[in-house]
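As structure tokens, the structure follows; a few thoughts come after it.
The values are calculated or read from the model by the stated rules, or taken from the named source; none is laboratory data. All values reported here derive from a predicted model rather than from experimental measurement. As a convention, Cβ positions derive from the backbone with ideal geometry for all residues, glycine included, and neighbour counts pool all protein chains shown.
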Amino acid sequence: MKKLTLRVCIFACFFLLFLAGCPAPDAPNSTPVQQLETVATPTASLAEGTYTSVQSVTLSCDTAGAEIRYTTNGVNPTANTGYVYSGAITISTTTTLKAIAVKAGMNNSAILTVEYTINIPVPETVAMPTASPGSGSFSVSETVSLSCTTSGADIYYTLDRYYWSRRHCKNQPICVLQEIHQQPCWRCSKL
């Protein structure tokens, strides 16, 4: 029993000596923990949403001197990864844009995340024009009419297979003085 009491006394002495060397948490001579300010979260000039054309986005940060880093693949940027922002970002396809602002001596900002959906309308396909009469050889000059079932389409044609823009038919018949080729050369375009 005496050995146990002696051990407890020795432990208590060391414990008291340890506490005497450590200042209390609220003691006046304790060193305060410095709280770092946090960089402002970047902002995007374009609201997230769905657009029908290519868009341009600029990023900014209210913390002077902060560097903005961003990604366009949905991966979170960090102080060392992502593109360093230097000017407008072109958004031509559906994109998840993420950005962070960083500055030495400050905590990194929260990550900005904006989703842009780009749905560029597909142009209407114009129907293939038809000729009346069709291709073939004629013994006399023939008047040929070209037509297209797409409303409002313009028909361009060539008699030599090369220069589409040289002749334009706006509901006018064509007088053909030569053979019409087996594969007629004409096309429609909707302006």
Would you check if there is a residue in the stretch 178-190 being in contact with a strand residue (DSSP E or B) (Cβ under 7 Å, 6 or more places away or on another chain), outside any loop (DSSP other than H, G, I, E, B) and at pLDDT 65 or above? no
The stretch 80-102, residues that are assigned to a loop (DSSP other than H, G, I, E, B) and small (G, A, S): G82, S86, G87, A88, S92
Return the pairs, sorted by first residue and then second, in which the second residue is of a type in the set (F, W, Y), the first residue lies in the stretch 135-155 and is within 30 Å of E124 (Cα to Cα), the beta carbons are less than 7 Å apart, and the residues are 6+ apart or on different chains. L146/Y157; L146/W186; I155/W186
Counting only residues in the stretch 103-125 that are assigned to a strand (DSSP E or B) and polar (S, T, N, Q), the one nearest to A79 (Cα to Cα) is identified as N107
Take A64 and decide whether it is surrounded by 12 or more Cβ atoms within 10 Å (Cβ to Cβ), farther than 30 Å from T149 by Cα and out of contact with any Cys (no Cβ under 7 Å at 6 or more places or on another chain). no
